[in-house]
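Student: Take a look at the following structure, please.
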Amino acid sequence: MQASVSKQLSIMIADDHVLVSEAIATVLSGQADFDVTTVNSGHAAFAALDAKTPIDILLLDVDMPGMKGIDSVKGLVKLIAPGYVVIFSAMTNIEFVRRAISVGARGFIPKTMPLGSLESILRLIASGQIFVPTELTLVPASSSDVGSLSEREKSVMGYVVHGKSNKEIALALAVPVTTIKMVMRTVCKKLAAKNRTEAAMMYKNSALA
């Protein structure tokens, strides 16, 4: 059953970055047929849907308090029906996006998406379509396969996701800093990550899945 595109399209933004969610809510609320609310945790999203709050589309940040990876996505998909869950995040882990879609999410909207495009994308999703940015659909599944990392690479990434510098990781693992730099270059290549930050996000989201 599709979420109906009626006079009012109910949108919930679930994001713990309050300034981001409020800015987006302000823009979307400029549309007469958009009714926009915000919550700042996975717990709050679950509570709202448990209370049978009618939501057509849930824009869901998966990296916030109260979220437990793909299991939380699956639970919210079930609760919101016949409405839709859409992953709304800075992460670009295509494998996580594919898994989310496989459990019922209606796609992925990156936070870098121009706000001017968001309205039309939401209407597209409300009509029952799945949205994924074109550049992601062109990425082969194996490019972001965290499972391809060696044990040493996983060990290094464990430190990276906790904000450790190359020097700190080298000291912890008793290896030269140049070794850590080489490992990071290899990890970025395996994950098709643009930089260290994106590699860390992809690794973290995979661990949450």
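Student: Going by the structure shown, is Arg106 in contact (Cβ under 8 Å) with a residue 60 or more places away in the chain and either out of contact with any Lys or Arg (no Cβ under 7 Å at 6 or more places or on another chain) or more than 24 Å from Thr26 (Cβ to Cβ) (or both)? Before the answer, list the steps.
Tutor: Details: in contact (Cβ under 8 Å) with a residue 60 or more places away in the chain: no; either out of contact with any Lys or Arg (no Cβ under 7 Å at 6 or more places or on another chain) or more than 24 Å from Thr26 (Cβ to Cβ) (or both): yes.
Judged against the criteria, Arg106 is not a match.
Student: Go through (1) part of a loop (DSSP other than H, G, I, E, B); (2) farther than 27 Å from Arg196 by Cβ one by one and return the number of the condition Gly75 breaks.
Tutor: Looking at each condition in turn, Gly75 falls short on (1).
Student: Where residues in region 84-126 are polar (S, T, N, Q) and surrounded by fewer than 19 Cβ atoms within 10 Å (Cβ to Cβ), which of them is modelled with the highest pLDDT?
Tutor: So in region 84-126, the residues polar (S, T, N, Q) come out as 89, 92-93, 102, 112, 117, 120.
Of the ones still in play, those that are also surrounded by fewer than 19 Cβ atoms within 10 Å (Cβ to Cβ) are 102, 112, 117, 120.
Working: Ser102: 84, Thr112: 84, Ser117: 87, Ser120: 91.
Applying the filter and picking the extreme gives Ser120.
Student: While we're looking at this one, here's another question. Being among the small types (Gly, Ala, Ser) and surrounded by 22 or more Cβ atoms within 10 Å (Cβ to Cβ) narrows it down to one of Ala23, Ala45, Ala81, so name that one. Outline the logic, then answer.
Tutor: On the way: Ala23 fails: surrounded by 22 or more Cβ atoms within 10 Å (Cβ to Cβ); Ala81 fails: surrounded by 22 or more Cβ atoms within 10 Å (Cβ to Cβ).
Ala45 is the lone residue from the list that is among the small types (Gly, Ala, Ser) and surrounded by 22 or more Cβ atoms within 10 Å (Cβ to Cβ).
The values are calculated or read from the model by the stated rules, or taken from the named source; none is laboratory data. Since the structure is predicted, the reported quantities are computational estimates derived from the model, not experimental observations. Every residue, glycine among them, receives a Cβ derived from its backbone with ideal geometry; neighbour counts consider all protein chains shown.
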